[in-house]
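Chemist: Please find one structure pasted underneath; my questions will follow.
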Amino acid sequence: MLELIKQPWPWYTSGLAISFIMVILIFFGKSFGFSSNLRTMCSILGAGKWVSFFNFDWKAERWNLLFLIGSVIGGFISANWLQSDVPLNLSEATIQDLQKLNIQFDGNIVPSQLFNWDFLSTGKGLLIFLGGGFLIGFGTRYAGGCTSGHAISGLSNLQIPSLIAVIGFFIGGLVMTHLIFPLLF
């Protein structure tokens, strides 16, 4: 059984699982999104005393914290015990695109050249991680939710603001990939 879990699954497996989860959430009147967990955690820690945005009934959102904890535990288990020894099967065109950006493909899911403590300790690495984190945090709050919340939950609920946000995410991703990222690397 463990060998079956360690192997890559077809792409549609995750689509079916997400669809199943979304039907359950819609049935129970809940909406999916990871960024709302930050608001809940800030409320638990008492941020509502200073900022009214965090002053709400966080106990109604406990289910989402369980989802967050399960995701962290699942990621840890996957990274430590369920990794396959087979290198990632990436298309040759993508590998060539990475090489144009001076990023060497090493078979891992994320390039070790960028995601390591040595790169983080450089000024450039620190700026990229802190700047990226700030922009993601600001963008998530400004857009009223994260990419998963808008793209999965918002679109499945046919919300126009989520459609606009998802279009903005794609435009931002294209600008980053083709204009900003080549300047950084």
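The values are calculated or read from the model by the stated rules, or taken from the named source; none is laboratory data. Remember, predicted model here, so these are calculated numbers, not experimental data. We place every Cβ from the backbone using ideal geometry, glycine too, and count neighbours over all the protein chains shown. Ligands, DNA and RNA are stripped out before the accessible areas are found, and what is left, the full protein with its side chains, is counted by its heavy atoms. Shrake-Rupley method; radii C 1.70, N 1.55, O 1.52, S 1.80 Å.
Chemist: Could you work out the relative contact order of the chain, using alpha carbon pairs under 8 angstrom and six or more residues apart, expressed as a whole percent?
Modeler: Over the chain, the number comes to 24 percent.
Chemist: So how tilted is helix 62-81 from the main axis of the chain? Cα-based, degrees 0 to 90, rounded to 10.
Modeler: 20 degrees
Chemist: I need the P(r) histogram for the stretch 25-88: all alpha carbon pairs, bin width 10 Å from 0 out to the longest distance, whole percents.
Modeler: 19, 36, 25, 14, 5, 0
Chemist: To the nearest 10 degrees, how steeply does helix 123-142 sit against the main Cα axis of the chain, on a 0 to 90 scale?
Modeler: 30 degrees
Chemist: What Kirkwood hydrodynamic radius do you get for the stretch 63-118 when you take the inverse of the mean 1/r over all pairs of distinct Cα atoms, in Å?
Modeler: 13.5 Å
Chemist: Oh, and also: Over the alpha-carbon set of the chain, work out the extent along each principal axis and list the three values in angstrom, largest first.
Modeler: Answer, in whole Å and largest first: 48, 45, 32 Å.
Chemist: Can you tell me, using C-alpha contacts under 8 Å and at least 6 residues apart, the relative contact order of the stretch 5-110 as a whole percent?
Modeler: Dividing the mean separation by the residue count of the stretch 5-110 yields 21 percent.
Chemist: May I ask for the Rg/Rh ratio of the stretch 136-185, computed from Cα atoms with Rh as the Kirkwood radius, given to two decimals?
Modeler: 1.06
Chemist: Express the accessible area of the chain per residue in Å², computed with a 1.4 Å probe while the remaining protein chains stay in the model.
Modeler: 74 Å²
Chemist: Quick one: dipole size for the stretch 1-113, taken about the Cα centre, charges +1 on Lys/Arg Cβ and -1 on Asp/Glu Cβ, in debye to the nearest 20.
Modeler: Taking the Cα centre of the stretch 1-113 as origin, the dipole is about 580 debye.
Chemist: Compute the helix-to-body angle for 11-27: its Cα long axis versus the longest principal axis of the chain, expressed 0 to 90° and rounded to tens.
Modeler: Taking Cα atoms only, the helix is inclined about 10 degrees.
Chemist: Name the residues of the stretch 66-97 whose amide N is less than 14 Å from a point 7 angstrom out from the Cα of Val110 along the C-beta direction?
Modeler: The answer is 72, 75-76, 79-80.
Chemist: How much of the accessible area of the chain, in percent, comes from carbon and sulfur atoms when a 1.4 Å probe is used?
Modeler: Looking at the chain in its full context, I get 71 percent from C and S.
Chemist: Lys pairs in the chain, Cα-Cα under 29 Å, at least 8 apart or on separate chains: how many?
Modeler: 4
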